[in-house]
Structures are given as C-alpha cells and as structure tokens.
Amino acid sequence: MNQKTIKASTDNLALLKPTAILKDLDFDKILSKCAEFALSADAKQAILDSEIYTDKKWIKEALQRGHEMKEFCAREPLNLIEYYTILKELKSLRIQNYTLGIEDIVKIKVILQNLRLISTSLGHLAWQHLELLRGDLNMIPDLKFITDRIDKIFAADGKVKDDASPSLKIIRDQLRNKQNEIYRSFKKQVAQFRNSGFLAEGEESIRNGRLVLRVLVEHRRKIKGIIHDESDSGKTVFLEPQELVELNNDIFELESEERKEIFRILADLCNLMRPFVEDLEQSYLLLVEWDILLAKTRLAIALDAVRPSLSDSDQMNLKNARHPLLFLKLKESQKKLVPASLSLHAKNRILLISGPNAGGKSIILKTVGLLQCMTQAGFLVPVDKHSEFKIFKKIFADIGDHQSLDDALSTYSARLSYMRDFEAAADGETLILLDEFGSGTEPQIGGAIAEALLQALNRRKVYGIFNTHYANLKAFAHQNEGLINGAMLFDEKNLSPTYQLQTGRPGSSYALEIAEKIQLPLHLIDYAKKKVGKQAVSFESLLANLDKENSKLLREIEEYKKKKNELDKLIRNYQDLQKQFEYKKLKLKLEQKQTEIQSKSSKHRELENYVKELRKEKDLELAKTKADQEKIRLQKEHEELLNINTEYQKLSGHDVNAPLKPGDAVKLVINGMIGQVEKIEKDQITVVTEHMTFKLKRKELIKLKSNVEVRLHKSVKSDLERNTAVFNPVLDLRGMHLQEAQSMLEVYIDKALLANVNLVHIVHGKGSGILRQTVSKTLRGQRYVKSIGHPAEESGGDSITVVEFK
C-alpha cells in the first residue's frame, strides 16, 4: 500500500458537470457516513476529499483491496486504537538535539502500536486470495527496535516506567522513601498538636503540593514552620511544620533530578529515532490508509456491499442495485428496499424511464449515479456480486432545481445551459443522468427540444438514464436503436407505486386514474380528457392496459413456473420409484437364479453319483449323454445368472468392468459370498473367502466399492447372532464346542426353513471328524432334508456339508 491508494494521479480524475453533481447524487453524504468510521482527523478528511477516478487499474486494485479487507474482517475483527497526527512532531524531531515531550512520544508510540496490531492480526494470513493485503504488510517499515525501546520506557498508561533507567529507579526509590518519612513525621505532629488544642477541625490539608496543618490563628506562633495560606474566615492558617520543610526540600531536589533523568532518557530516545524520521512518517501515512480502508470496510458491511466487476466491453449490468442511504434508512426501521436491475450496452445505451410521479424514477437515476461514483472512487457497492460497471471518463447530471437569481436564470434556462454543455462535451465514455428530461416549459416545445437533444446524444454514443413523462420521447426511444424504454411498475388495483423497474416498455403516468382515485370532480376529468385529445388519452390508456396485461402475464408466468417445478418434482419421484422397482426386480431375479443354480449344482452332484452307479452296470454311453445334457443346462443357467448380474450391477451403479488387483474385496455372483482377491493369473482369479478358496473368471465377481477385511481361517458366528435381516447361506461351526455347535445348527436350520432357501453350506472343518458326524447325525432322516453331501475336493471337500431342503 502506498499513498496512491488515497490519491490517484490527477490526470485520471473524471470530468464532472456541474460541479455540484456529487452533492446532487448524495455522494457527499456517503463520504460523511464513511468518515464516521475513521479514527483520525487526517483519515476522516481524506475520505471527505475522495474523488472520482478513471484509471481502471487503480479502481480495480482499490475494489480488490476493499474486498480482501471485508473478507478478513468477516473472520476476525481488527480494532485500531485512536491515534493523532505526528507530522508536526516529526518535523521538530528532524532538528538536531531536539527532544520531544512525553505526550509527543506517546503519540508516536500509539502509531507504532497500531501498525504492530495490524501486522500481528494479518501476519498469519494464509489465504491465497488476499494477496494485496499481504503485499501491503510488506510496506510497513521494520521499526521494532524503536517500538521495543519505547515499550521499555513507557507503561501502558503513557507514564515513564521506574526501570526506564537504573538512575531513574534509584531516584524514584529515594522519593518514595522521603514521602513515607514525611507522611510518618506529619502524622506524628498531627497527634502532638491535636492534644495541645492548636488545630482546627479537619486538622490536615494540602497546599502548594505540600502537607499542612490547619492551625487556629491564635496558636500560629506556637508552631514553627511556614504559613502557606489562610481560610476565608481568617480563623485558620495552613502551616507546614519546620520539620517537614527540610524533608520537602529534599523531595524538591529529588523531583528535579527525576525530571532531568527523564529528559535525558527522552533525549536518548529521540536521538535513536531521528535517523528514521522518514520511516516514522511513512508509518503514519500507512496507518492513515489502513484507517481509511477499515472505514470503507465497515461502511461496506453496513451496506451489504460487494466488489463489482469492471466491464472489459461497453456493458453496464446492475443486478439488484440498492440506493445506499435509502437502504440504511429502511434497515433501521426493519423495512426492505425494492432493488433495481438494468443493463446498458452498445445497442441500448440510454434508458428512458417513464411512469407515475413518486413511482421511483428519480431514485433509480440517483442510485445508478451514486453507485457509479462510489465504484470509481474505490468503494464497494450494494449490488449483487455479478454486477458489472463500465468506467466513464465524464459524468454529467441534471438533477433538482437549478434556478439562479444571481444569474437571472429560470429552472428551464439553467437546464438548457446544461444541455448545451453536455451536448458539446459528451462522447462514448460519458454517463449522463437527466431528471425530468424536457420539463420546465411549454410541453409541446419542451418535448421537441428534448427529442432533438436525445437524438444528438444518441449519435455521440453516450450512456445515460433519462426520466420523462413526454410521450414523443417514449415513442422516439421505441423507434431508434441505442435507446430503450423503461417503466416504473404500478399497482393498478390500488393505484399505488411498486417501485419496481421493468425495461423494454414505456410506463404510464396514471394521471387520470389517480385523479379519479382522489375523487376529483368528473366534469374536471372529462374536460381534461377532451383538452388533451383522444390520441393522448388513448396512448395513456394503452400504456395502462399494457401494465395490467403485463401484471397478469407475470402472475401467470409465476403460476406456470410453480406448477412446472411441481411437475418436475413428480417426474423425478416417479423416475426414482421406477428405478427402485427395476432394481428390486433384478435383485429378486438374481437371488432366485442363484438359488436355482445352487439347487441344480446339487442335482448335478446326484447325477454324477448316478453316473457312477450306471458305470457299474456298464451303461456308460447313456450315463455320459445324460451327464453332458445336464452340464449344458447348468452352464446356460450359469451364463444367464451372469447376464442378469451384469444388468443388475449397472443399474445399482457398479462398474462391471472395473479392474481387479490382489487385495480387492469382491462378491461371488454364484453364491453371494464375500472374499478377497489373492492372485490373478491370465483370465483366472483366485479368491479366498471366509470358508474356502475359488478360482473364477472376472464376470463371476463383483468388485465392492469399499474394501472389507476378509477374515481367513478364523472362527466366526453366523449372521443369526448379529440379528441381521439377511440370511447367510453359510454357517461356520469351526472352533465351537459340540453342544454349542449342535444348538447353533438347530437354530440355523429353523431360520433356513423360514427363509425358504433350498441349499445351505455347513462349515465344520476336518479335524477329528466329530463335528461332521454330529451335523450328519442331526440332519439325516429329517423330513425336510432332501439330501446331504459334500462339495468337490477343490471347493472344500468333506470339511463342508451341503444340505438341500425339500
């Protein structure tokens, strides 16, 4: 940060006409509001002296700096200590051997203290988007050695510390001892002369900074000492006892030594600071800038203001713009301000606003002008953050009554002189704001002159906002490129303004309707209609009808949007329900197919047993044919299961082609078991489950979204004990005692029958074979059991018992 953050080059000042334009737009009131947040007189004055600049780089940096400070203050407050200018003191400090007083040095101390507060608060900034503030911190001179020296000399209350130097400490210790001695001696004498009856009521007092006795005038010669004063009545004298005189003289000498030592300390401090006067001056100026920045930030927070964009083209796009002063006023009374949105660009550079009186036309014009000035002065503004401002080199305005008795000018004459100056100086980098455009004289002539001026300004490619009631100007704006009509919407039912701006169409004045509402006599209204003619009345009626039709259309659009949103919501709900239905249908089909395949696998094992028996009977060819047919059917069932699974996984969001690697958790399609990939060899994947090891192809596996730890060779309890709603077709009895295993098996079989499954696997291990025999003994002969057997050796062999139910 440097002095340019307060003042840009005077070459970059915008041309403002008339000179009172900033006052007309209430920019001076905004500056006054902002100055109230500043601490020092210099910062307040700098804010009040703010000007309108055209340097886009400077404006962009000022807005960015304000945005960063607002971002910072939203996270933690930065409260500076009140401070005062030190420029006069620094000027004196430049003089060789000049020593500043305590108050002067305390002022410097507060400056350095504030800068240290800023550096400490912002020094830990880690946010990448606060680059300017971090750069500003680097501009602060490193005067820590001076700050440390001042802190060593001065206490928080601005007084010189006792230990500012060894000599000062000795002197102050002696002073305290002498003062204690005086106090003890004085109390002793009070007691002595009280008993003698020499003292008046009150006995003791202070005169000329010394303890004195209140002695009755008739006894004054009985006590040795110095009389300092007497009472108004003359009955009492204030006497310092002789014994205290000598002690007070000692104190006087010590106080003199104290002053000399303090002066010496301050002289040394000034000699230390003198070579760094330039740095101290820079520190003060930087603090003023931080003060200004904080004041602007506090104003921005009060206004809910943001950093707008600066257009790289010829576009000006304001979204939900709010008049700052009106916003603050309504905020205090907890009322909401109706914002305005508008867009000016190459094809529509001039907005011509029409509508009823007191409908908000002037507020729109002042809002745009004030926000434009604030932006070009580096202030954040109350608009939506995606708003865009174009930088103008010239800003002209005609707002209010400019009648002048001194210049013998009427209001209309003054306006014509402004129009002349505006037309002569305006160009494509000019913003013109005209209130009550064309008014002030005979309507027909005034309207014609206004139309001519409007045409000339349009040729010069100016940007602007003009307020008018003239019908010919509304028609001209409708017929010519570069201009666009705007209307202040009106509640035609209650005949009251809504303060809403709508661009693209002119507005009606509603003069006749308002006259009828206030019950102006009908014969007067009829006369007025005849006087202005049918064409004017029809035009106003047309505009009023357009307003009504527009309001009706807006209501219908809102209803349509509401119904469309409801319909979209219903469609989304229906689609979700349909997807869930398809999902559940495929899941059910998948589970059924798994059950069928498991059942047919069991039948296939029976067939193999049957083949063995047939071989014994030498009917080998018939057995082989039946076995091959059953194997083909089983393979088809298996392929169908895999196809259903692929469709099911796609619907549920799984990537069926996701690559696998050792360690990945997978689910087996054939039986739903969870396992872990152990190794991959070409197209064969080895998977280890909790109970056994499988060698499968990729399409026979489902990769789980999150890895699960597959517990290997560890005894676990069944899902029955976990109180789960999903039936597990595998029961692990390994590691259980015989009685516990038998009890668990009986409960498990009951659950299997309730779940209506066809096939279960009982894992008992090989071991001594006792668990296997118990399982076989428990299940054999039961009416609900269709068959009991063991899988192939590579799938677990006789360590697993496969039970098929009827």
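Quick look at the values:
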quantity: Within the accessible area of segment 430-479 (1.4 Å probe), percent carbon and sulfur; calculated: 54
quantity: Segment Q174-Q96, extension gain: residue separation times 0.36 nm, minus the distance between their alpha carbons; calculated: 24.7 nm
quantity: Å² per residue, accessible surface of segment 228-369 at 1.4 Å; calculated: 44
quantity: Translational diffusion of segment 326-369, µm² s⁻¹ [Kirkwood Rh, Cα pairs; Stokes-Einstein; 10 °C; 1.306 mPa s]; calculated: 129
quantity: Filtered trypsin sites (Lys or Arg not before Pro), segment 106-181: DSSP coil and at most 16 other beta carbons within 10 Å; calculated: K159, K161
quantity: Cβ-Cβ FRET estimate between T85 and E559, R0 fixed at 56 Å, reported to 0.05; calculated: 0.30
quantity: For L287, net neighbour charge (Lys/Arg +1, Asp/Glu -1) across residues whose Cβ lies under 12 Å away; calculated: -4
quantity: Along principal axes, Cα extents of segment 158-254, largest first, whole Å; calculated: 49, 25, 19
quantity: Nitroxide proxy distance, nm - points 7 Å out along Cα→Cβ at I632 and K152; calculated: 10.5
quantity: Accessible area per residue in Å² at 1.4 Å probe, computed on segment 15-121; calculated: 50
quantity: Principal axes of segment 731-806: Cα extent on each, largest first, Å; calculated: 30, 28, 20
quantity: Flagged links, alpha-carbon separation over 32 Å, of K319/K561; K361/K563; K682/K786; K564/K699; K109/K296; calculated: K361/K563; K682/K786; K564/K699
quantity: Square roots of five times the Cα gyration tensor eigenvalues for segment 109-187, Å; calculated: 45, 12, 8
quantity: Contour minus Cα-Cα distance for V277 and R259 (0.36 nm per residue); calculated: 3.9 nm
quantity: Around H386: net Lys/Arg minus Asp/Glu count, Cβ-Cβ under 14 Å; calculated: +1
quantity: Accessible carbon and sulfur surface of segment 146-262 relative to its total accessible area, %, 1.4 Å; calculated: 46
quantity: Calculated FRET value between V338 and F727, using beta carbons and R₀ = 56 Å, to 0.05; calculated: 0.30
quantity: Apportionment of accessible area to carbon and sulfur, segment 760-806, percent (1.4 Å); calculated: 47
quantity: Extent along principal axes [Cα atoms of segment 16-62; Å; largest to smallest]; calculated: 30, 27, 13
quantity: With 10 Å bins from 0: P(r) over segment 47-137, alpha-carbon pairs, percent; calculated: 13, 31, 30, 21, 5
quantity: Neighbour net charge for K88 - beta-carbon separation under 15 angstrom, K R +1, D E -1; calculated: -2
quantity: Accessible area per residue, Å², segment 160-204 with all protein chains present, probe 1.4 Å; calculated: 61
quantity: Gained length - T778 relative to S205, 0.36 nm times residue gap less alpha-carbon distance; calculated: 194.9 nm
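The values are calculated or read from the model by the stated rules, or taken from the named source; none is laboratory data. In this text, all values refer to a predicted model and were calculated from it rather than measured experimentally. Quick reminder, even Gly has a Cβ in these numbers, built from the backbone with ideal geometry, and neighbours come from all protein chains shown. SASA here: full protein model, heavy atoms, side chains in, ligands and nucleic acids out. Shrake-Rupley method; radii C 1.70, N 1.55, O 1.52, S 1.80 Å.
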